[in-house]
Amino acid sequence: MHYWLQTLRLDLLPPSVLSRLVRGTLVFDTGVYANALESGLLDQRPMFTRFDGDQVLWTDGTREHIDSVIFATGYRPNLPYLKDLGALDATGMPLHRRGISLTHSGLTYLGVEFQRSFSSNTLRGVARDAEYVVKALATGRPAGR
């Protein structure tokens, strides 16, 4: 499937076109990535409990200075802790353009369905999205531009 999506360049269609063509959530994983997560090969931490200025507070009470936050949200984001910041729309989805927050500089998202193209729905495509948002963070591009 990935071969044909890439060969036919369908995975590069913009979200505005995709929303008219695709209904429902399309996630492709042959089990390789799910197995890597389950095996503990990937470093994971529980979600921090809150922001405090330029720090996050972890569940164990420790604090850590941060420069940027990238939310790798998955395809069904659950981000109620951003509601009071004004970073979400009425349905609870991030207010963003191509993964860059429209409301807060330094806040980006990864894994939002159709974030930049259909390939955003694949691990192959989310890698391109990650490069895009990291470049935006590194260049200090303002929110949503």
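The values are calculated or read from the model by the stated rules, or taken from the named source; none is laboratory data. It should be emphasised that the depicted structure is a prediction, and the values quoted were computed from it without experimental measurement. Positions of Cβ are backbone-derived with ideal geometry, glycine not excepted, and every protein chain shown enters the neighbour counts.
If you take just the strands (runs of 3 or more DSSP E) that sit entirely in the range 31-145, which of them hold at least 3 residues that are modelled with pLDDT of 90 or more and surrounded by fewer than 18 Cβ atoms within 10 Å (Cβ to Cβ)? Spell out the reasoning first.
Details: elements: 50-52, 55-57, 63-65, 69-72, 107-110.
Those strands (runs of 3 or more DSSP E) span 63-65.
With the requirement that a residue be part of a helix (DSSP H, G or I) and either exposed (fewer than 12 other Cβ atoms within 10 Å of the Cβ) or modelled with pLDDT under 75 (or both), what does the range 10-30 give you? Spell out the reasoning first.
Step one: list which residues in the range 10-30 are part of a helix (DSSP H, G or I), which gives 10-12, 15-21.
Residues satisfying the conditions are 11, 15, 16, 18, 19, 20, 21.
Given the criteria of a type in the set (S, T, N, Q) and within 21 Å of residue 19 (Cα to Cα), does residue 101 qualify?
Numbers: of a type in the set (S, T, N, Q): yes; within 21 Å of residue 19 (Cα to Cα): yes.
Criteria met by residue 101.
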